[in-house]
Every structure is written in C-alpha cells, then in structure tokens.
Amino acid sequence: MTAAGQGAGSPIAAVVARLQQRLDLLPPRLGSQRVFLSTYQRTTEAVGRAIDQGLFDDGDWVESWDVAFAELYLRALDAELAGGRVPRPWRLAFGAGPDQPPLRHVLLGINAHINFDLPQALLAVISVDDFAVSAVIERRRRDHERIDTVLASRVAAEDHELDASGATTLLDRLLTPLNRLGSRRFLREARQKVWHNTVELHHARVAGAEDYSVRLAELELLSAAKVADLLRPGQVLLRLAVAGFGVTLPPPIPSGR
C-alpha cells in the first residue's frame with residue numbers, strides 16, 4: 001500500500017468515513033439523497049484503489065484533488081442540513097422530490113458535482129505557476145482524463161446497485177447495454193468540458209477576484225440550467241449520450257461592454 005490511496009489513515013479513507021457519517025445521519029427529508037451519497041462513497045473508494053494500483057502519473061496529487069473535490073460536496077450538504085447558503089445546482093438536487101426515480105437523483109448529484117464543483121476542485125490543486133509549466137499541466141490533464149477509467153469501471157456495478165434496489169423498470173433493464181454505453185460516453189464528454197471550464201476559470205483567477213466571481217457565477221447558472229433536461233421525461237441516459245451532459249463556459253465578455 002502506497003502513502004496515497006485508501007489505506008487506513010489516508011486522506012481518502014478519511015473522506016470515505018465522512019461520507020459514511022453523513023449517510024448515518026441523513027434526515028428523512030433528505031432520504032432520497034442516499035442513493036447519490038452511496039454512489040459517491042463507492043466511487044471515492046474506487047479512486048483510492050486506482051491510486052494504490054499506480055493508475056495515475058501523480059497519485060499524491062490525485063489524492064489531494066479528490067479530497068478537495070469531496071470537500072465541496074460535503075460543504076454543500078452540510079450547508080443544506082444547517083439551512084445555510086447552498087450553490088444553486090446543489091440546492092436543486094437536494095430539493096428534488098422523493099417521487100423522482102433514484103437514477104434522476106444520481107444524475108442531479110453528478111451534474112452539481114462534476115459540472116459545477118469539479119473545475120473548482122481542479123483549480124484548488126493546480127496553481128497559477130503550474131499552468132505556466134507545460135509539462136506539469138499536461139501531467140495534470142492526463143490524470144484528470146484517467147479518472148474516466150475509474151468511472152467507466154463503476155458503470156456496470158452502479159447499474160447493478162440500482163437494479164438490486166428495485167429502482168429500475170423492465171424497460172431500463174432491456175436498455176441496459178445502451179444505457180451503459182451512453183453513461184460512459186457522456187461522462188467522457190463532460191470531463192472534456194470540465195477541463196475547458198477549468199482553464200476558463202484559471203484565466204479569470206489570473207485577472208482578479210472579481211473576474212473569477214463573475215465566471216464562477218456563470219458556471220453556477222449553466223449547471224443549474226442543466227437540471228431541467230435531467231428531469232424531463234424519457235430515457236435520460238440515452239438522451240444525454242446524444243445531447244451531452246457537460247456545460248461549457250462561453251468566452252468572457254470583454255470589459256467595458
């Protein structure tokens with residue numbers, strides 16, 4: 001077992017424990033969030049195993065990134081529990097009614113966490129100086145893309161989890177091969193857009209705190225707007241495979257306009 005990863009006492013093991021604590025204490029009003037929280041906990045464990053297996057160029061960096069990433073989710077969940085300020089994509093995810101299928105709750109959580117949180121988590125562990133060194137930023141980008149390997153490995157397992165819970169319909173089961181292919185496709189597409197949005201936020205960070213706040217607010221609105229599509233009736237995974245899951249920050253509006 002390497003220093004990074006999910007060994008006892010590791011930062012990722014601590015994240016997994018914190019996620020379990022939230023699962024144990026989740027109030028009935030947020031009971032529908034249990035499916036995303038459980039999925040996220042299992043995915044975090046899978047990232048820890050991938051670090052231990054040497055999947056990444058820089059396992060220590062991936063570990064720091066994964067912890068920063070989880071912190072954004074935990075902060076949003078704790079704010080919701082305490083009645084505090086919750087970013088709009090998360091507020092919509094937490095507010096989705098229990099009548100929504102479990103898959104929709106998972107997708108709402110993925111939307112908030114990948115489309116909105118992930119670019120912020122990347123910036124938290126990629127400094128301005130890092131962006132100035134092509135070899136460093138290329139290594140970060142490669143490790144960012146390698147997360148797709150971990151996510152792809154979880155698609156079938158998570159599909160089985162939903163099926164075992166009785167959350168899937170006969171039509172869902174008949175469409176399982178297409179749904180799994182669609183899930184892998186839209187997760188890869190979303191990750192590419194996340195990198196674009198990270199670079200856009202980096203440029204805003206360099207320009208100053210006000211510019212960064214404006215661009216982050218844009219990303220928050222784009223991520224929140226995605227919710228309507230996720231809740232639209234129909235075979236959502238197949239629709240996302242065609243239309244895409246990610247959001248894209250447009251070029252910034254030039255100052256003075």
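Rule-based calculations on the coordinates, nothing more; no lab input. On a predicted model such as this, the values are computed, not experimentally measured, just so you know. Backbone-built Cβ (ideal geometry, glycine too); neighbour counts: all protein chains shown.
Values computed for the structure shown
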{"quantity": "Spin-label model distance (nm) - Ala13 vs Leu55, 7 Å beyond Cα toward Cβ", "calculated": "2.0 nm"}
{"quantity": "Separation of the Arg232 and Val214 label points, Cα + 7 Å toward Cβ, nm", "calculated": "3.1 nm"}
{"quantity": "Whole-number percent relative contact order across segment 11-243, with pairs defined as alpha carbons under 8 Å at least 6 apart", "calculated": "25 percent"}
{"quantity": "Relative exposure of Phe245, Phe36, Phe131, judged by other C-beta atoms within 10 Å (fewest first)", "calculated": "Phe131, Phe36, Phe245"}
{"quantity": "Added length on full extension, which subtracts the Cα-Cα distance from 0.36 nm per residue, Ile137 to Leu221", "calculated": "27.5 nm"}
{"quantity": "Neighbour-count ranking [beta-carbon atoms within 10 angstrom, fewest first] of Val125, Val133", "calculated": "Val133, Val125"}
{"quantity": "Of the GluC sites (Glu not before Pro) in segment 32-76, those whose Cβ has at most 13 other Cβ within 10 Å and which sit in DSSP loop", "calculated": "none"}
{"quantity": "Tail beyond 33 Å, pair distance distribution of segment 11-243 (Cα, percent)", "calculated": "14 percent"}
{"quantity": "Segment 205-247: mean projected area of Cα convex hull, nm²", "calculated": "3.4 nm²"}
{"quantity": "Stretch gain in nm, segment Gln192-Arg75, where the contour uses 0.36 nm per residue and the Cα spacing is subtracted", "calculated": "39.6 nm"}
